[in-house]
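*Asks:* Here it is: the structure, laid out below.
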Amino acid sequence: MANELYNQRVIEHFEHPRHHGCFDAAADVIAARAGRRADGAEFSFTALIAQGRVAALRFQAFGCPHCIAAASWLTEKLAGATQQDLAQWQWQEAAQVLNVPTSKRGRLLALEDAVHALAESWQRKV
């Protein structure tokens, strides 16, 4: 991967994604999906909820290296998050941390939609 196109954090998360996969359906697991492959980005998350917080988060994603890295990074960032944290999370944070080019930032809207859908899934389970 060319370093001039991707910062070190993107390279690290793309080459060594964290928390890839999904949790099996259970009473303490929530799930959400957003985006479309045809649009260049699709994200799926499952989260294990314990004591009102995200105990662990898993992802599956389709997209460019920035998309994969953003989903991987997010599984670490949102560990310990509350439902409100998920509902308020915005894509700009990932864009800044991962130095996502302007031309690819629209794909991060699907990432934000997936996180917000996760919050909604949590609300429906309560």
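Read-outs throughout are calculated quantities, based only on the coordinates presented, and are distinct from any laboratory measurement. Small disclaimer: the values here were computed from a predicted structure and weren't measured. Ideal geometry is used to build each Cβ from the backbone, glycine not excepted, and the neighbour counts take in all protein chains shown.
*Asks:* Taking the stretch 56-80 as the region of interest, how many residues are surrounded by fewer than 19 Cβ atoms within 10 Å (Cβ to Cβ) and not in a loop (DSSP other than H, G, I, E, B)?
*Replies:* So the answer is 6.
*Asks:* Here are some conditions: (1) at positive phi; (2) surrounded by fewer than 20 Cβ atoms within 10 Å (Cβ to Cβ); (3) in contact with a helix residue (DSSP H, G or I) (Cβ under 9 Å, 6 or more places away or on another chain); (4) not polar (S, T, N, Q). Gly21 meets all but one. Which one does it not meet?
*Replies:* Evaluating Gly21 over (1) at positive phi; (2) surrounded by fewer than 20 Cβ atoms within 10 Å (Cβ to Cβ); (3) in contact with a helix residue (DSSP H, G or I) (Cβ under 9 Å, 6 or more places away or on another chain); (4) not polar (S, T, N, Q) leaves (3) as the failure.
*Asks:* Right, something else. For the stretch 56-84, name all the residues that are over 26 Å from Gln8 (Cα atoms) and without any contact (Cβ under 8 Å) to a residue 40 or more places away in the chain. Outline the logic, then answer.
*Replies:* Taking the stretch 56-84 as the starting set, the residues that turn out to be over 26 Å from Gln8 (Cα atoms) are 82-84.
Hits for the stretch 56-84 are Thr82, Gln84.
*Asks:* Among the residues of the stretch 101-112, is any closer than 17 Å to Cys22 by Cβ and not polar (S, T, N, Q)?
*Replies:* The initial filter retains those residues of the stretch 101-112 that are closer than 17 Å to Cys22 by Cβ, namely 111.
When the remaining residues are screened for being not polar (S, T, N, Q), the result is 111.
Yes, there is a match, as at least one residue in the stretch 101-112 is closer than 17 Å to Cys22 by Cβ and not polar (S, T, N, Q).
*Asks:* Just checking, does the stretch 86-106 include any residue being buried (at least 20 other Cβ atoms within 10 Å of the Cβ), basic (Lys, Arg) and over 24 Å from Val29 (Cα atoms)?
*Replies:* No, the conditions are met nowhere in the stretch 86-106.
*Asks:* Please specify each residue of the stretch 87-111 satisfying the condition of being farther than 23 Å from Leu5 by Cβ and out of contact with any Asp or Glu (no Cβ under 9 Å at 6 or more places or on another chain). Step through it out loud before you land on a result.
*Replies:* In the first step, residues of the stretch 87-111 are kept if they are farther than 23 Å from Leu5 by Cβ; the result is 87-90.
Matches in the stretch 87-111: Gln88 only.
*Asks:* Filtering the stretch 29-55 down to residues that are touching a residue at least 24 places away in the same chain (Cβ under 8 Å) and part of a loop (DSSP other than H, G, I, E, B), which residue is farthest from Thr75 (Cα to Cα)?
*Replies:* Among residues in the stretch 29-55 that are touching a residue at least 24 places away in the same chain (Cβ under 8 Å) and part of a loop (DSSP other than H, G, I, E, B), the one farthest from Thr75 (Cα to Cα) is Gly40.
*Asks:* Mind counting the residues in the stretch 1-28 that are closer than 17 Å to Lys104 by Cα, outside any loop (DSSP other than H, G, I, E, B) and of a type in the set (D, E, K, R)?
*Replies:* 1
*Asks:* Which residues, counting only those in the stretch 85-99, are over 17 Å from Arg33 (Cβ atoms) and either free of Cβ contacts under 8 Å to residues at least 60 places away in the same chain or basic (Lys, Arg) (or both)?
*Replies:* Asp85, Gln88, Gln90, Gln92, Glu93, Ala94, Ala95, Gln96
*Asks:* Right, next: Could we say that Arg105 is in contact with a Phe, Trp or Tyr (Cβ under 9 Å, 6 or more places away or on another chain), charged (D, E, K, R) and in a loop (DSSP other than H, G, I, E, B) here? First the steps, then the outcome.
*Replies:* Working: in contact with a Phe, Trp or Tyr (Cβ under 9 Å, 6 or more places away or on another chain): yes; charged (D, E, K, R): yes; in a loop (DSSP other than H, G, I, E, B): no.
When the stated conditions are applied, Arg105 does not pass them.
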